[in-house]
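Report on the structure given below.
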Amino acid sequence: MIEAHALIKRYGDRRAVDELSFIVKPGQVTGFLGPNGAGKSTTMRMIVGLDRPTAGTVTVAGRPYREHTAPLCQVGALLEATAVHRGRTARNHLLALAQTHGISSRRVDEVLGLVGLADVARRRAGGFSLGMGQRLGIAAALLGDPAVVILDEPVNGLDPDGVRWLRDLLKGLATEGRTVLVSSHLMSEMAVTAEHLVIIGRGRLLADTTVSDLIDRVGVGSVLVRSPNGADLRDLLVRHGAEVTGVEPGLFQAAGLDAATIGDLALAGGLAVHELTPRRASLEDAYLELTREAVEYR
């Protein structure tokens, strides 16, 4: 379990993290989301002791990361995929890490196979693609068979097959009872991978909730409307505050009004309606609505 309490990190007069508190529980994948500059990477660095909080505390399994006698066996982290010695082979990179904790070479070969790098284990990491570098970083995170796994943007550089592999891996780790914290900007992937979300903006907590509950806050994203009186109905809905996007003649998406209201307006206006199909908001819709005022770089 990861527990952050009233975390603050200042750089000069700027608060990168501002009174941030949350808990990441075992047995589920927790997505760590927020706009660029929100403080996600800084928070992750504080969790693993690379940055010291200005104030507040963060613990892993009840104690600060630096107090664990074998941290690789407690917390596995990927914060920067390119943080490898480019002249070392993939296997030697992992061996160097393993020797700091008395981890066997058998485990090194095991995690290389797990991430799909067994065939290139003796190639130098400097020649790896971004996706291969991500796989090597994930292998390093899993090397100590840790109870807690922290990954910062692990999908970057992965092809579709790699994305699906990572999704299954994360779910599998959570099923085993591990604590899994993953940051990502890919809302479509978080929607099918994460069960819980911690969302921050400008260093502050915006939401600590499940994916479904966050989406339910937004409700219906839009309504697909089909009408032989498309132009007239479109104008009517716009006058009542709807945002209308055309799909094809007589068919459009209307946001800002629910299906019942659209139907009532059409009836009152004497306009025929052949279809009203509500579209539930996506995680991306809900996330953008929640973080609208927290986006620092537009």
- How much length is gained on full extension from R14 to N92, taking 0.36 nm per residue of separation minus their Cα-Cα distance? 24.1 nm
- Counting Lys +1, Arg +1, Asp -1, Glu -1, what net charge surrounds L78 among other residues with beta carbon under 13 Å of its beta carbon? -1
- Item | Proximal charge balance of V48 [Cβ under 11 Å; K/R count +1, D/E count -1] | 0
- Task: Please tell me the relative contact order of the chain in percent, rounded to the nearest whole number, where contacts are Cα pairs under 8 Å and at least six residues apart.
- Result: 22
- Query: Considering only DSSP beta bridges whose two residues both sit in the chain, what percent are antiparallel, to the nearest 5?
  - Reply: 65
- Summed side-chain charge close to R239 - residues other than R239 whose Cβ falls under 15 Å, Lys, Arg +1, Asp, Glu -1: -3
- Could you pull out every residue, at least 5 positions away or on a different chain, whose amide H is within less than 5 Å of the one on L78? Hs are placed 1.01 Å off N in the peptide plane, and Pro or chain starts have none. I150, L151, D152
- Please work out the FRET efficiency for the pair D145 and I23, using the Cβ-Cβ distance as r and a Förster radius of 22 Å; give the result to the nearest 0.05. 0.45
- Message: At R0 = 30 Å, how high is the FRET efficiency between S104 and V295 if r is their beta carbon distance? Nearest 0.05 is fine.
- Response: 0.05
- Query: Can you work out the FRET efficiency for the pair L130 and E243, with r the C-beta to C-beta distance and R0 = 45 Å, to the nearest 0.05?
  - Reply: 0.75
- Amide H partners (placed H, <5 Å) of G201, local residues excluded: L206
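Computed from the coordinates by the stated procedures, all read-outs in this text should not be read as laboratory data. The model shown is predicted, which means the values in this text are computed figures rather than measured ones. Positions of Cβ are generated from backbone atoms using ideal geometry, with glycine treated the same way; all protein chains shown enter the neighbour counts.
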